[in-house]
Amino acid sequence: MGGQNGSAAPRAKPKDFPPRWVGSALKLFITWARFSATALVLSGVGMGVKHLLAAHEAGVLVPAVQRWAQHPVTLPAAVLAGAALAVLVVLQLVRRRTQPIYLLDFECFRPEDSLKVTYHRFVTGSRDSGFFDEESMDFQTRILHKSGLSEETFFPPGLHKDPPEFDMVWARGEAELVMFNAVADLLAKAGLQPRQIDVLVVNCSLFNPTPSLSAMIINHFKMRSDIDSFNLGGMGCSAGMISIDLAKKLLRERGRGGYALVVSTENITQNWYHGNERSMLIPNTIFRMGSAAILLTNKHSERRRSKYELQHVVRVHLGADDAAYKCVFQRPDDRNFIGVELSKDLVGVAAKALETNMTRLGPLVLPWSEKLMFAANWVARKVFRLRVPRYIPDFKEAFDHFCLHVGGRGVVEGLSKQLGLSPRQMAPSANTLHWYGNTSSSTVWYSFGYIESVQSVRKGDIVWQVGFGSGFKCNSVVWRALRSVETMHKAWEHIRGREEQAMETLRRIAAETAAERQLKQQKVGSCENGTANGHAEPAGKQAAVEADATVHVTAARSLRNGKVYAN
């Protein structure tokens with residue numbers, strides 16, 4: 001026991017091993033070594049050419065070459081080496097011609113202003129529906145005001161009705177609205193006709209009608225009868241990354257160049273929960289309407305006008321673990337209202353999935369300086385048994401732009417803090433949350449659109465998209481820019497002059513939360529003093545309310561303290 005208040009003395013934070021400055025020094029050394037090696041090779045080639053020219057001028061070069069060519073072993077060996085080199089060059093050219101997958105372009109849907117749902121509209125509409133008791137309404141209102149969403153996110157037309165209508169007709173209407181507009185805008189932008197599409201992959205987790213969503217697109221746009229069509233359902237918010245992976249494989253299996261259209265969306269109409277279980281109410285406050293359409297190709301002739309080349313797709317699935325499988329679970333409540341339950345294990349499972357994903361992704365993308373730092377730390381901990389903290393590689397050294405899954409305010413803030421992102425690097429996801437809310441699998445594409453519209457992309461930049469999904473999954477995709485991109489997307493035209501609003505909102509909520517936490521600590525201290533003096537105070541209703549954990553608050557705490565790189 002230490003201190004006058006009987007609390008233990010704070011434990012000193014262990015120092016990083018190796019120190020972070022060593023990584024910077026390694027980076028400089030590796031850069032210098034590469035430069036020196038290149039200079040040495042060029043110098044050697046220059047000296048060799050100079051020596052050959054001198055030998056030619058002296059008249060000894062040609063006789064030496066003739067004697068060498070007349071040797072019985074030299075000529076066959078030279079022919080064999082030349083043939084082997086030619087084969088390697090041809091194989092490399094063939095591989096480069098067939099393997100690359102290009103991102104030609106993408107489009108995110110921007111609903112009409114009439115579909116905006118303000119805080120007042122959300123609260124009054126939810127209360128007037130008659131589905132929620134006062135405790136549930138109070139809970140949703142508090143979550144909404146802490147969510148970071150603006151007053152300009154969007155609900156589908158059926159939920160704007162009074163009372164809300166969420167039958168199959170309105171759900172189909174929402175799907176047609178978001179998908180058809182996104183696809184039409186993308187095809188017009190790319191200058192392609194619907195019948196030129198060879199592969200179609202649609203993902204929507206919670207709405208799976210018959211005919212399927214992919215069939216709806218084929219019918220509306222009158223696509224070819226031999227199109228490879230797939231409809232992915234029930235795969236959660238990270239299904240967009242799975243769709244990219246599937247489209248990549250299908251394009252490569254065709255054996256010739258083609259176009260793949262990927263459509264990522266979620267349907268809100270039939271999945272607006274109207275019960276009173278808190279574990280199912282959070283999606284009501286943060287999920288909103290949206291969709292993205294993405295055009296991929298493996299045509300080498302399209303490389304010139306494509307924006308990006310696909311570098312890596314890393315997928316992690318923890319479904320073999322029961323806790324992971326059930327942490328995001330669709331089920332009926334005690335009144336038979338269907339909703340998506342978010343369990344208390346969600347945050348721990350998400351942290352483990354992210355850790356595993358980044359462990360597999362790290363060796364593919366991290367520079368050698370970070371790999372050597374991690375290796376040194378691992379040897380210190382595992383071989384020499386030193387009590388040093390695990391080294392978390394700096395993924396900012398690998399990526400220039402970050403499109404984080406917009407699962408909620410705490411997810412965006414927690415991931416950004418764990419990765420050490422600057423406000424500029426955090427801004428794409430923060431603005432997606434603020435202006436569009438959680439649109440499920442399409443959020444990473446809204447963030448990508450923000451980067452192109454507001455920040456711009458330079459040739460050679462690396463973009464990382466990462467998403468979480470039920471099951472439980474963590475999937476990520478890495479792109480490399482083939483050219484500089486500065487394109488204003490329709491989804492972000494409204495942001496001119498309001499670029500800082502999202503970050504200012506998050507800072508305000510953080511300040512308010514900190515003030516509330518300080519007030520709570522003062523109340524707890526007052527209660528402890530009262531108890532010590534023999535006057536115990538009742539916990540009351542406020543303590544019960546404060547004990548309820550919301551996903552975004554818990555996620556922030558977990559990701560701040562969690563691990564993102566395994567040994």
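Quick notes on this structure:
- Working note: Karplus 6.51/-1.76/1.60 with θ = phi - 60° gives segment 301-307 the couplings 5, 8, 4, 4, 9, 6, 8 Hz, where Gly and Pro are set to x.
- Computed 3J(HN,Hα) for segment 484-493, one whole-Hz value per residue from the Karplus formula 6.51 cos²θ - 1.76 cosθ + 1.60 where θ = phi - 60°, is 6, 10, 9, 10, 7, 7, 4, 5, 10, 5, glycine and proline marked x.
- Loop chymotrypsin sites (Phe, Trp or Tyr not before Pro), segment 300-406, which have at most 10 other Cβ atoms in a 10 Å radius of their Cβ (DSSP): Phe384
- The chain, relative contact order [Cα under 8 Å, separation at least 6], %: 18
- Projected onto planes of every orientation and averaged, the convex hull of the alpha-carbon atoms in segment 296-393 covers 11.6 nm².
- Projected-area mean, the chain, by convex hull of Cα positions, square nanometres: 36.8
- For the chain, the solvent-accessible area with a 1.4 angstrom probe is 50 square angstrom per residue.
- Calculated FRET efficiency for the pair His160/Arg498, C-beta based, R₀ 25 Å, to 0.05: 0.55
- With contacts taken as Cα pairs under 8 Å at a separation of at least 6 residues, segment 180-232 carries a relative contact order of 47 percent.
- For segment 436-504, pairs of C-alpha atoms spaced more than 13 angstrom apart make up 71 percent of the total.
- Annotation: amide H-H contacts under 5 Å for Leu232 (H modelled 1.01 Å from N, sequence separation of 5 or more, or interchain): Val202, Asn203, Cys204.
- Working note: Cα atoms of segment 119-188, range along each principal axis, descending, whole Å: 47, 28, 14.
- The fraction of accessible area contributed by carbon and sulfur in the chain is 57 percent, rounded to a whole number (1.4 Å probe; ligands and nucleic acids excluded).
- Relative contact order of segment 387-464, taken over Cα pairs closer than 8 Å and 6 or more residues apart, is 40 percent.
- Normalised per residue, the volume of the convex hull around the Cα set of segment 156-299 (Å³): 109
- Kyte-Doolittle at least 0.0, axis length at least 20 Å by Cα - qualifying DSSP helices, the chain: 20-57, 74-98, 168-190, 239-253, 346-365
- For Val117, residues with placed amide H under 5 Å, excluding near neighbours: Thr153, Phe154, Phe155
- Each residue, Ser225 and Ser526, gets one label point 7 Å from its Cα in the Cβ direction; the gap between the two is 7.8 nm.
- Proximal lysines relative to Lys307, as straight alpha-carbon distance under 24 Å, when same-chain residues fewer than 8 apart are discounted: Lys189, Lys248, Lys249, Lys299, Lys396, Lys459, Lys490
- Distance between the C-alpha centres of segment 38-66 and segment 434-472: 54 Å, rounded to the whole angstrom.
- Antiparallel bridges, percent of DSSP beta bridges restricted to the chain (to nearest 5): 75
- For Tyr308, the amide hydrogen comes within under 5 Å of the amide hydrogens of Leu103, Leu482, counting only partners 5 or more places away or on other chains and with H modelled in the peptide plane.
- Residues in segment 453-462 carry Karplus couplings, in order, of 7, 10, 9, 6, 10, 9, 4, x, 5, 10 Hz; the curve used is 6.51 cos²θ - 1.76 cosθ + 1.60 with θ = phi - 60°, and Gly or Pro positions show x.
The values are calculated or read from the model by the stated rules, or taken from the named source; none is laboratory data. Quick caveat: nothing in here was measured; it's all calculated off a predicted structure. So basically every Cβ, Gly included, is an ideal-geometry build from the backbone, and we count neighbours across all protein chains shown. SASA here: full protein model, heavy atoms, side chains in, ligands and nucleic acids out. Shrake-Rupley method; radii C 1.70, N 1.55, O 1.52, S 1.80 Å.
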